[in-house]
């Protein structure tokens, strides 16, 4: 995996933003992933939305082709170190 989509990009893609979709279509889905952090944020959005069933189906369909990357405790540690040094 070479590219990791953030939550905002996922939302643009789910909503069918043509500019973002065109950029993503340049890449094979096997080199694009989504982190469990982004999935958690997207799940929050589904559960807070008025159209839960519609958004649940849209999210499930959206996630199918992507590799899901777990965010481990070790990754959290490194995140803290890197962010503190920025």
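Coordinate-derived values only; no laboratory data. These numbers were taken from a predicted model, which means no experiment stands behind them. All Cβ positions, even for glycine, are placed from backbone atoms using ideal geometry, and neighbour counts span all protein chains on display.
Data for the structure
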item: Any hit, the range 30-37, residues being farther than 24 Å from residue 79 by Cβ and surrounded by 12 or more Cβ atoms within 10 Å (Cβ to Cβ); result: no
item: Positions within the range 48-86 being surrounded by fewer than 10 Cβ atoms within 10 Å (Cβ to Cβ) and within 16 Å of the chain's Cα centre (by Cα), in sequence order; result: 64, 70
item: Number of positions in the range 47-75 that are assigned to a helix (DSSP H, G or I) and under 18 Å from residue 33 (Cα atoms); result: 7
item: Qualifying position, being part of a helix (DSSP H, G or I) and touching a residue at least 24 places away in the same chain (Cβ under 8 Å), among 9, 37, 82; result: 37
